[in-house]
Each structure stands twice: as structure tokens, then as C-alpha cells.
1. Taking Cα pairs under 8 Å and at least six residues apart, what relative contact order does region 116-225 come out at, in percent?
2. Determine the gain in length on full extension of the stretch His88-Leu205; use 0.36 nm per residue of separation and subtract their C-alpha separation, reporting nm with one decimal.
3. Going by a ≥ b ≥ c, the root eigenvalues of the Cα gyration tensor, does region 45-104 fall in the rounded group (a/c under 1.5), the prolate group (a/b larger than b/c) or the oblate group?
4. Given Cα positions, please report Rg to Rh for region 116-225, the hydrodynamic radius being the Kirkwood one.
5. Roughly what would the spin-label model give for Asp79 and Ala215, points 7 Å off Cα along C-beta, in nm?
6. Any idea how far apart Ser148 and Glu181 come out in nm if each label point goes 7 Å out from Cα toward Cβ?
7. In percent, what relative contact order does region 45-104 have, based on Cα pairs under 8 Å that are 6 or more apart in sequence?
8. If the limit is 21 Å between Cα atoms, which of Lys166/Lys225; Lys75/Lys106; Lys166/Lys187; Lys179/Lys225; Lys86/Lys106; Lys106/Lys166 go over it?
Amino acid sequence: MQIKIPKFMMKKGVVIRVNPKPLDSAAPQQPEKPKTSQEDDLRKKSTPALIDSLNDNDPFIRSVAAEVLGRLKEKVAVDELIAALKDHSKHVREKAAIALGHIGDKSAVPALIESLNDESEEVRVTVAGVLGHLHDKMAVPALIQALSDPSPLARMKAAISLGIIKDPAAVTPLFNTLKDENELVRKYACEALGNIGRPAVPALLLALRDDRVRAHAAQSLIKIK
């Protein structure tokens, strides 16, 4: 068998370098650590630091720590995040509530229910939404009470969450909310009744007589199966 060498390699000045891989390496190579194991190690190191940061003097650091713990869904941080619902900063309290929603541990529901009475509108609005996400009927009485919150956004979020939980106990309070002065609150109360389904049909039929919510009530009725 003949091997043909390209002509350009035969020209003067051309150097061909060959770096053969040694058969036996001087030091045995360590097997690459699995990525999942590396991530677990990083998490074990970072989680305690994030939890400690919930007690930092800077409210910005506390709020960021709460947000990251929520995104990581660190269940070991639930107690500390519940404690953060009492933080002096409303931004930290709001981030703690969101984090508890991401983690999804229902042991946080009683503390979140208490936070529906927070002095901050932003916190109450956020908590009302988080309680719907957690889908725990324990929150229904508090969310019904939140339908009378001074903030229309909080009332709207409470209505949405009641529709997510779908407890028939909320039908009458939601029907009464159809007379709310805020159009969006009335709209989402109608949608919530539709989400509850058949137990809400009589209330929605009555709502058809109200010009302000007639269209929303009709749409909600059509969606009921």
C-alpha cells in the first residue's frame, strides 16, 4: 500500500509536528464529578449562608436572600421565611411570602393568613395570591374576609384565590362581591364563581339580572361543565 504525501508538505521549510498522546499518563485522571453532585454540594454550602442573610442588617440583602431561597425551593428555610413575614421591611415581608408560595409547604398557611392583616397593601395583595397558589381550604374564611379589604387589588386577589381553591362556601360571599364598586373586582368575582362550578350556578343566574356583571356572569356560566 502506497501513502501519497501532499506536495506542499514536500516543500522546503515545512515542518510537520506530531504530538502523540502518551499511552500511560504519569498521573491517573480522576473521574469527573457528576454535575448533580456538584450542584448538591453548592446548595449545601449556599443555603445556610442565605438563611443567615435573612437576619442581615440590610433589608435589601434580607429581601434578596428570601427571594433566592424561594427560587431554590429550600424547604429547610420555611421556618425562617415564616419569621421573615414579621420583618420591619415590607419588601422583605413580601419577598418572604412569595418564597413560601414557591416552596409550597402548607405549614406556612396559618402565618400567611395572619399576614392578610398586614399594614402594607403590597404585602396583603401578595399574600392573598400566595394563599390561592397553596390551594388550602384553611385559608377560605380569611380570603372571604379579604373580599372586604380597603384595597381593590387585595379584594381582586382574594376573589381569584377563592376561585382557585373552589370551595362552595365562598359562593355567597363572592355573589355579594358582585356589587363591589370596582369593576375588576366584580369581574374576577364572576370568574371565581365560574371556577367553583355547579354550586355557583344559581348565583350566576341571578347575576344575569345585573347590567354591570351580566356579560361576565354569562361567560362564567358558559364555561361550567
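1. This gives 20 percent for region 116-225.
2. 37.5 nm
3. It comes out oblate by the Cα gyration axes.
4. Radius of gyration over Kirkwood radius for region 116-225 works out to 0.96.
5. Distance between the two pseudo-spin positions: 5.3 nm.
6. Placing both labels 7 Å along Cα→Cβ, they lie 1.6 nm apart.
7. 36 percent
8. From Lys166/Lys225; Lys75/Lys106; Lys166/Lys187; Lys179/Lys225; Lys86/Lys106; Lys106/Lys166, over 21 Å: Lys179/Lys225.
Every number here is computed from the coordinates shown, using simple stated rules; none is lab data. These figures come from a predicted structure and were not determined experimentally. All Cβ positions, glycine included, derive from the backbone under ideal geometry; neighbour counts span all protein chains shown.
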